[in-house]
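**Q** Below you'll find the structure I mean.
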Amino acid sequence: MNSQERTLAGQTLFITGASRGIGKAIALRAARDGANIVVAAKTDRPHPKLPGTIHETVTEIEAAGGQGLAMKVDVRDDESVNRAVEQAAGHFGGVDILVNNASAIMLLNTQALPMKRFDLMFGVNVRGTYTTTRACIPHLLESANPHVLNLSPPLNLNPEWFKDYVAYTMAKYGMSMCVLGMAEEFRDRGVAFNALWPRTVIATSAINLLDDAVSPENCRTPEIMADAAHNILIRDSRNCTGNFFLDENVLRSVGVKNFDHYQVQPGQPLLKDLFLD
């Protein structure tokens, strides 16, 4: 069976930060295949400023044709992560795919960034990715086509991307370095480790943290990342590892030529995302 004939039907995905945004979009795309999705996030009650809860996402997953499991998880807490992974594996009979989507952002320079925000970004982005991956690996090794997908950028060492927000850059690159190292560590054992990053800014609640620097009409919707992630996750894990994918390139590789339907407002100029020269 080639990759274009595969689906995620019956596969179990553990997705961090899946109560909203890109993580939720990836979950709903997998649900349309009939996948099982563990919605692992902190928001179990309505947030005063952010949309979505883990329970609302599960309802949408099941309406889309999948099976959902809401798990309140703080990826900074090892016990919380380990407990959720074990409960999820017990509930669905294993874990086939991990999507490390949970992330924290604050684009401030060295003097302006409070250390508690530094710790938050490293705790969620780097440590959270590492501990969640570590917890899932025993189950992934039992899967027929195991994948880990980190929502993180290509490792671009152009100083331009460090000078104004070195802490955030280091934190996101930490996720990417997990891909670089773990892809080699587990290459011979068949577990795929890849990164996915958007070519353009995606309209999620995170752009609200950028003040007026980004307008939604100059963005694409999370669905482009969901479709790209789906295409990666149905590939043979032994032949698809150690890659730093861009969403648009993934979709172009399978014949997509028109991306207008992914724009919040077709016809408006798009903003290129961070870390891309």
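**Q** Please enumerate the residues belonging to region 6-27 that are among the small types (Gly, Ala, Ser) and buried (at least 20 other Cβ atoms within 10 Å of the Cβ). Give the steps one after another, and end with the answer.
**A** In the first step, residues of region 6-27 are kept if they are among the small types (Gly, Ala, Ser); the result is 9-10, 17-19, 21, 23, 25, 27.
Of everything in region 6-27, those that are among the small types (Gly, Ala, Ser) and buried (at least 20 other Cβ atoms within 10 Å of the Cβ) turn out to be 17, 18, 19, 21, 23, 25, 27.
**Q** Considering (1) outside any helix (DSSP H, G or I); (2) buried (at least 20 other Cβ atoms within 10 Å of the Cβ); (3) among the charged types (D, E, K, R), say which one residue 257 fails and leave the rest.
**A** (2)
**Q** Among the residues of region 147-182, count how many are surrounded by fewer than 16 Cβ atoms within 10 Å (Cβ to Cβ) and small (Gly, Ala, Ser).
**A** 1
**Q** I would also like to ask the following. May I ask you to list pairs of residues, at least six apart or on different chains, whose Cβ atoms are under 9 Å apart, with the first in region 227-238 being modelled with pLDDT of 95 or more and the second being among the small types (Gly, Ala, Ser) and in a loop (DSSP other than H, G, I, E, B)?
**A** Every condition considered, the pairs that remain are 231/253; 237/143; 237/144; 237/190; 238/190.
**Q** Next up: State whether one or more residues within region 90-101 are at pLDDT 95 or above and more than 19 Å from residue 233 (Cβ to Cβ).
**A** Taking region 90-101 first, the residues at pLDDT 95 or above are 90-101.
Pick out the ones that are also more than 19 Å from residue 233 (Cβ to Cβ) and you get 90-91.
There is at least one residue in region 90-101 that is at pLDDT 95 or above and more than 19 Å from residue 233 (Cβ to Cβ).
**Q** Here's another thing I want to ask about it. Which numbered condition in (1) closer than 13 Å to residue 103 by Cα; (2) in contact (Cβ under 8 Å) with a residue 60 or more places away in the chain; (3) outside any strand (DSSP E or B) is the only one that residue 19 fails?
**A** Here residue 19 clears every test but (2).
Residue-wise test of (1) in contact with a helix residue (DSSP H, G or I) (Cβ under 7 Å, 6 or more places away or on another chain); (2) under 17 Å from residue 240 (Cα atoms); (3) among the β-branched types (Val, Ile, Thr).
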site: 156; (1), (2), (3): no, no, no
site: 168; (1), (2), (3): yes, no, no
site: 188; (1), (2), (3): no, yes, no
site: 193; (1), (2), (3): yes, yes, no
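**Q** Residue pairs, Cβ under 9 Å, 6 or more apart or interchain, first in region 74-96 and among the aromatic types (Phe, Trp, Tyr), second at pLDDT 95 or above and not in a helix (DSSP H, G or I). List them.
**A** The qualifying pairs are 92/12; 92/36; 92/38; 92/67; 92/69.
**Q** Would you mind telling me which numbered condition in (1) open to solvent by less than 30 Å² (accessible area, probe 1.4 Å); (2) under 28 Å from residue 243 (Cα atoms) residue 80 fails?
**A** (2)
**Q** I want to confirm something. Restricting to region 40-72 and keeping residues that are under 18 Å from residue 227 (Cα atoms) and among the aliphatic types (A, V, I, L, M), which single residue is nearest to the chain's Cα centre (by Cα)?
**A** 61
**Q** Give me the pairs: first residue in region 265-277 and within 19 Å of residue 166 (Cα to Cα), second residue exposed (fewer than 13 other Cβ atoms within 10 Å of the Cβ) and of a type outside the set (Ser, Thr, Tyr), beta-carbon distance under 9 Å, and six or more apart or on different chains, which are they?
**A** 275/158; 277/158; 277/160
**Q** Suppose we keep only residues that are closer than 17 Å to residue 82 by Cβ and of a type in the set (Gly, Ala, Ser) within region 115-145. Which one would you say is surrounded by the most Cβ atoms within 10 Å (Cβ to Cβ)?
**A** 128
**Q** Name the residue, out of 104, 112, that is of a type in the set (Gly, Ala, Ser), within 27 Å of residue 213 (Cβ to Cβ), open to solvent by 10 Å² or more (accessible area, probe 1.4 Å) and without any contact (Cβ under 8 Å) to a residue 24 or more places away in the chain.
**A** Working: 104 fails: without any contact (Cβ under 8 Å) to a residue 24 or more places away in the chain.
Exactly one residue qualifies, and that residue is 112.
**Q** Something else: How many residues, within region 227-249, are surrounded by fewer than 22 Cβ atoms within 10 Å (Cβ to Cβ), under 17 Å from residue 273 (Cα atoms) and not polar (S, T, N, Q)?
**A** 4
**Q** Out of all the residues in region 51-63, is one or more touching an Asp or Glu at 6+ places or on another chain (Cβ under 9 Å), modelled with pLDDT of 95 or more, open to solvent by 50 Å² or more (accessible area, probe 1.4 Å) and within 13 Å of residue 19 (Cβ to Cβ)?
**A** Yes; the residues of region 51-63 include at least one that is touching an Asp or Glu at 6+ places or on another chain (Cβ under 9 Å), modelled with pLDDT of 95 or more, open to solvent by 50 Å² or more (accessible area, probe 1.4 Å) and within 13 Å of residue 19 (Cβ to Cβ).
**Q** Quick one: residue 30 ticks every box in (1) of a type outside the set (S, T, N, Q); (2) open to solvent by less than 10 Å² (accessible area, probe 1.4 Å); (3) more than 18 Å from the chain's Cα centre (by Cα) except a single one, so which number is it?
**A** Result: residue 30 passes all but (3).
The values are calculated or read from the model by the stated rules, or taken from the named source; none is laboratory data. Computed from a predicted model, the values in this text were never measured in an experiment. No Cβ is skipped: glycine too gets one built from the backbone with ideal geometry, and neighbour counts run over all protein chains shown. With ligands, DNA and RNA removed, areas are computed over all heavy atoms of the protein, side chains included. Shrake-Rupley method; radii C 1.70, N 1.55, O 1.52, S 1.80 Å.
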